[in-house]
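First, the structure itself, so that you have it in front of you.
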Amino acid sequence: MSTFIISNLWFYVLALSLIFFAFKVVTSANPIHSALHLVLTMMGVAGLFFHLNAQFIAGVQVIVYAGAVMVLFVMVLMLFDLKHEFNAFAKGLVSGFLKLMSVALVVGYLVGVFLESGESKGVKASLTTSGDQTSTQLQVTRDLAQLLYTKYVLVFEVLGVLLLVVAIGAVAISRIQGGTHAKH
Amino acid sequence: MGSDIFEFSINGLKIIIIFMMMVQIVPLLVWVERRGSAYIQNRFGPNRVGPLGLTQLLADAVKFLTKEEFVPQGSYKFFFYLAPVVALIPAALAFGAIPLSIPIQVEAFTMMGRNWGPYTFPFQSFELGLGVVFVLGASSLAAYALLLAGYGSNNKYSLFGALRASAQTISYELSMGLSIVGVLLVYNTFNFTEMVAQQSGPLAFKFLGNDLLISWLPNWGIFYQPLGAILLFAAFFAETNRLPFDLPEAEGELVAGYHTEYGGFKMNMFYIGEYGHMLVASALMTTFFFGGYTLYPWLTPESLNQALSSFSPTQASLITAFSLHLVFLVKVLFFLWIFIHVRWTLPRFRYDQLMDLGWKTMLPWSLVNAIVTAVIIVLMRSHWS
Amino acid sequence: MQNIEAIGIGQNHYLILSAIIFSIGIMGVLFRKNIIMMLMSLELMLNAINLTFIAFGYFNGNLNGQIMVFFVMTLAAAEAAIGLAIAVMIYRKFNEVNIRYFEQMKG
Amino acid sequence: MNQLLPVAFLILFVIIFGVGLMYLASLFGAKGSKSKSHLEAYECGVQATEAKTSKVSIKFYLTAILFILFDIEIIFMYPWALSLNDFIASGSGVYMLGAMGFFLFIFIFGLYWEVKSRALEWE
């Protein structure tokens, strides 16, 4: 048992730190603290992706999530200059209890489905057969590209249009002057 | 990191030395900058402290350590102290991923009664299959140090300086990403070592299906991507907040932008971050466009191995590794000198000119560069027979 | 549970981890009152989902999981961008980010 | 695991290096007076006034939003740039150009619209 734990120590260390950071995201009162903990969570998830033979996705996760989306979050939080939030958490015992029950129900169902979905597949052989670690990472990315641009090319084009729509929408939203409470 | 204690300790030592190389480049570059700017402006620069002012660097180091520990009143202490450390990490990670020379092969030898197997030590901190993606990810984290410093020092002007600096950094990351797409089109790999290997031979490319060879020119990336090189180099200036893109620190009321409240060693760490980014930028330019650690006809791994056949294999690989490393350093220092030279010759941009340049000229041009490269590659490499 | 010990980090390890993070994300959305905190917890849930996709992809040996994560990331970033644009607009007009305040929004 | 171990080792070393030298500097540093005016944030002499988020602050987050969207479009170009050569070798190079051409047309149209709608004007 001990050798098993030590050789897979990295997973437990990463998993525990992920859960701790995720918990801090939700429970820290100062929003910028939680934003920074969310960045650390994303870096931890990128580390996990790295071990699941998805190195390119780990890189994309760091570039897109940790490097762009979270910068926007931190920038917006700084613009608002939100100090320490005092009543950050919803009050009310009964509603809190109901919420907890619903979350427990959903997660319990999820874990039940996972565990009973047949025996664990164990550690699968890496997705591609070729040589040492660095070339397999490249080979996985090439297969990913092959799949992305042949089988899923329609999704790829639709996402391009989606990004255009979101760009125009964001600019339009930032230009709204009127509104029910607008002080003329 | 290593199968046994010897390999583990050598790799650990190598990682620390490479990071220390980046940290030690700061006093050297500060000295070169002060002497260089003095030379450009026809004055002497520091020459009081020791010969040619060289020990000025030690004086600066001591000064940094003995400065007063100042934390502005009412600031967020945790962010204030976190920002300089976060400023160091992206540059250190990015510099660790770039190969500085060919790996060192060490033969099996016996020491202390045990025979240690043959090793190969990669001449870089960590050997990654997707080096380019890792470096882009690391450099995209640079915006956090600016935002934290600006927010932590509870000074409304440094907050604006931080917002401006991070807005500039992210808007130039777009054209940097696009010009790197152009480089990827030429090399078809994310791995730096393969890129340098492709650049070590004579200039050879497929022209309308049949191969063309120009033997007196090295196969460097600059001949395939001239526009991409210019755009990437300009984007690096903006990434490191160097002149002519250093407006967030230069506005009248912003005084020193996001690091107004920092003094002493914390300020020095911001400098280490900035000069570290400069070092990474020059290392990337040499690896992408100027053949990394190879110099085609004379100093390539193959030619050196033949020349050193008289030594034992371990010594031969050691000598070739370090001589190629010197080649790499010379090229990097050349680009560092250009960074410094530009700082003292060009005036700085106004903020709206700076953002217009980023969004309205460099981004479209790097887009055009990527498209034209792709079309030419499809034209040239598909076989017409 | 015995066969998991022998093999090492099995698929269920990853799935249980992502279930935990997903539940933390749901609780974040339900319990926090600040709009931006809810968007952040949403990002947390999407990260957990990405982890599940990649774990299934790795243990079944095909790349569909990674392609799916690619698209989920695009949608998550687009959603975060629009969500924050709306949050900034609300903040500029009402100078208040507390979600309970907006129940009386008219029109 | 040994792929990521050097990265973790380097991050740890950088943090220890930074925090250690900062602590060292605080030990050796001169001790400034703790009076209120001494610790006042540097406002070039003027009395510090409360920050009011001005109009210009909207442009910052709009730039960040547009950065995310265009960054994702660049991320989609990386696998394309990587595998273009394999597609050419398998004879479907022009198809790849067409697929990415449409995507880039959307990218260019989005950029053109941003420029024309003066969304990126910094007054």
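Say whether the condition of being in a loop (DSSP other than H, G, I, E, B), modelled with pLDDT of 80 or more and either away from chain B (no Cβ under 14 Å) or farther than 30 Å from B:G74 by Cα (or both) is met by at least one residue in the range A:151-166.
yes
Let me ask another. Take the range B:329-358 and flag every residue that is aromatic (F, W, Y) and more than 14 Å from chain D (Cβ to nearest Cβ).
Start the filter on the range B:329-358 by keeping residues that are aromatic (F, W, Y), which leaves B:334-335, B:337, B:339, B:344, B:349, B:351.
Of everything in the range B:329-358, those that are aromatic (F, W, Y) and more than 14 Å from chain D (Cβ to nearest Cβ) turn out to be B:F334, B:F335, B:W337, B:F339, B:W344.
Looking only at the range B:185-215, which residues are in contact (Cβ under 8 Å) with a residue 60 or more places away in the chain, among the hydrophobic types (A, V, I, L, M, F, W, C) and surrounded by fewer than 16 Cβ atoms within 10 Å (Cβ to Cβ)?
B:F205, B:F207, B:L208
Residue-by-condition table, conditions (1) modelled with pLDDT of 90 or more; (2) of a type in the set (D, E); (3) buried (at least 24 other Cβ atoms within 10 Å of the Cβ):
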{"site": "A:L40", "(1), (2), (3)": "yes, no, no"}
{"site": "A:V45", "(1), (2), (3)": "yes, no, yes"}
{"site": "A:F49", "(1), (2), (3)": "yes, no, yes"}
{"site": "A:I57", "(1), (2), (3)": "yes, no, yes"}
{"site": "A:I63", "(1), (2), (3)": "yes, no, yes"}
{"site": "A:V71", "(1), (2), (3)": "yes, no, yes"}
{"site": "A:F80", "(1), (2), (3)": "no, no, no"}
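Continuing with this model, one more query. If we keep just the residues of the range C:53-76 that are touching a residue at least 40 places away in the same chain (Cβ under 8 Å) and surrounded by fewer than 24 Cβ atoms within 10 Å (Cβ to Cβ), which is farthest from the chain's Cα centre (by Cα)?
C:F59
Inside the range B:269-385, counting only helices (runs of 4 or more DSSP H) that do not spill past its ends, which hold 3 or more residues that are among the β-branched types (V, I, T), modelled with pLDDT of 85 or more and surrounded by 17 or more Cβ atoms within 10 Å (Cβ to Cβ)?
Working: elements: B:301-307, B:313-343, B:351-356, B:363-381.
By residue number, B:313-343, B:363-381.
Pick from D:I74, D:I16: which is assigned by TED's automatic domain parsing to the domain that holds D:I106, closer than 30 Å to B:A91 by Cα, at pLDDT 90 or above and not acidic (D, E)?
D:I74
I've got another one for you. Could you tell me whether the range B:177-197 includes any residue that is within 30 Å of A:F80 (Cα to Cα), touching a helix residue (DSSP H, G or I) at 6+ places or on another chain (Cβ under 7 Å), among the β-branched types (V, I, T) and in a helix (DSSP H, G or I)?
No, there is no match, as no residue in the range B:177-197 is within 30 Å of A:F80 (Cα to Cα), touching a helix residue (DSSP H, G or I) at 6+ places or on another chain (Cβ under 7 Å), among the β-branched types (V, I, T) and in a helix (DSSP H, G or I).
So B:F289 clears everything in (1) away from every other protein chain (no Cβ under 14 Å); (2) within 30 Å of B:Y119 (Cα to Cα) except one condition, right? Which one?
Looking at each condition in turn, B:F289 falls short on (2).
Could we say that B:L128 is assigned to a helix (DSSP H, G or I) and either polar (S, T, N, Q) or in contact with a helix residue (DSSP H, G or I) (Cβ under 9 Å, 6 or more places away or on another chain) (or both) here?
No: the conditions fail for B:L128.
Rundown of residues vs (1) within 7 Å of chain A (Cβ to nearest Cβ); (2) assigned to a helix (DSSP H, G or I); (3) at pLDDT below 90, yes/no style:
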{"site": "C:G25", "(1), (2), (3)": "no, yes, no"}
{"site": "C:L30", "(1), (2), (3)": "yes, yes, yes"}
{"site": "C:L39", "(1), (2), (3)": "no, yes, no"}
{"site": "C:L42", "(1), (2), (3)": "no, yes, no"}
{"site": "C:L51", "(1), (2), (3)": "yes, yes, no"}
{"site": "C:V72", "(1), (2), (3)": "no, yes, no"}
{"site": "C:A80", "(1), (2), (3)": "yes, yes, no"}
{"site": "C:G83", "(1), (2), (3)": "no, yes, no"}
{"site": "C:Y91", "(1), (2), (3)": "yes, yes, yes"}
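Moving on to the next point. When you scan the range B:371-385, how many residues do you find that are within 7 Å of another protein chain (Cβ to nearest Cβ) and in contact with a Leu (Cβ under 8 Å, 6 or more places away or on another chain)?
Residues flagged as within 7 Å of another protein chain (Cβ to nearest Cβ) and in contact with a Leu (Cβ under 8 Å, 6 or more places away or on another chain) within the range B:371-385 amount to 5.
Let me ask something else about it. Consider only pairs whose beta carbons are under 9 Å apart and that are at least six residues apart or on different chains; among these, list those whose first residue lies in the range D:68-86 and is within 7 Å of chain A (Cβ to nearest Cβ) and whose second residue is of a type in the set (A, V, I, L, M, F, W, C) and not in a helix (DSSP H, G or I).
What qualifies is D:L82/B:F190.
Let me ask something additional. Looking at (1) closer than 24 Å to B:Y119 by Cα; (2) surrounded by 12 or more Cβ atoms within 10 Å (Cβ to Cβ); (3) not basic (K, R), can you tell me which one B:D4 breaks?
Result: B:D4 passes all but (2).
Assess whether B:V62 counts as being β-branched (V, I, T), surrounded by fewer than 14 Cβ atoms within 10 Å (Cβ to Cβ) and within 29 Å of the chain's Cα centre (by Cα).
For B:V62, the condition - β-branched (V, I, T), surrounded by fewer than 14 Cβ atoms within 10 Å (Cβ to Cβ) and within 29 Å of the chain's Cα centre (by Cα) - is met.
Quick one: B:I17 ticks every box in (1) modelled with pLDDT of 80 or more; (2) more than 12 Å from every other protein chain (Cβ to nearest Cβ); (3) assigned to a helix (DSSP H, G or I) except a single one, so which number is it?
The number of the failed condition is (2).
Against the definition (more than 7 Å from chain A (Cβ to nearest Cβ) and either surrounded by fewer than 19 Cβ atoms within 10 Å (Cβ to Cβ) or over 27 Å from the mean Cα position of the chain (by Cα) (or both)), how does D:S117 come out, yes or no?
So D:S117 does not fit the description; no.
Do we have any residue at all in the range B:319-337 that's closer than 29 Å to B:A234 by Cβ, of a type in the set (K, R) and touching a Ser or Thr at 6+ places or on another chain (Cβ under 7 Å)?
Scanning the range B:319-337, I find at least one residue that is closer than 29 Å to B:A234 by Cβ, of a type in the set (K, R) and touching a Ser or Thr at 6+ places or on another chain (Cβ under 7 Å), so the answer is yes.
Since B:N154 meets every condition but one in (1) of a type outside the set (A, V, I, L, M, F, W, C); (2) in a helix (DSSP H, G or I); (3) at positive phi, which condition does it not meet?
Looking at each condition in turn, B:N154 falls short on (2).
Ok, one more. Quick one: which of D:G110, D:G91, D:G98 is modelled with pLDDT of 90 or more, under 30 Å from C:L63 (Cβ atoms) and loosely packed, with under 15 Cβ neighbours inside 10 Å?
It is D:G98.
Are there any pairs with C-beta distances below 7 angstrom linking a residue in the range C:32-52 that is in contact (Cβ under 8 Å) with a residue 60 or more places away in the chain and closer than 15 Å to A:L40 by Cα to a residue that is crowded, with 24+ Cβ neighbours inside 10 Å and not small (G, A, S), with the two at least 6 apart or on different chains, and if so which?
Final answer for the pair search is none.
The values are calculated or read from the model by the stated rules, or taken from the named source; none is laboratory data. Nothing here was measured: the structure is a model prediction, and the numbers come from that model. Positions of Cβ are backbone-derived with ideal geometry, glycine not excepted, and every protein chain shown enters the neighbour counts.
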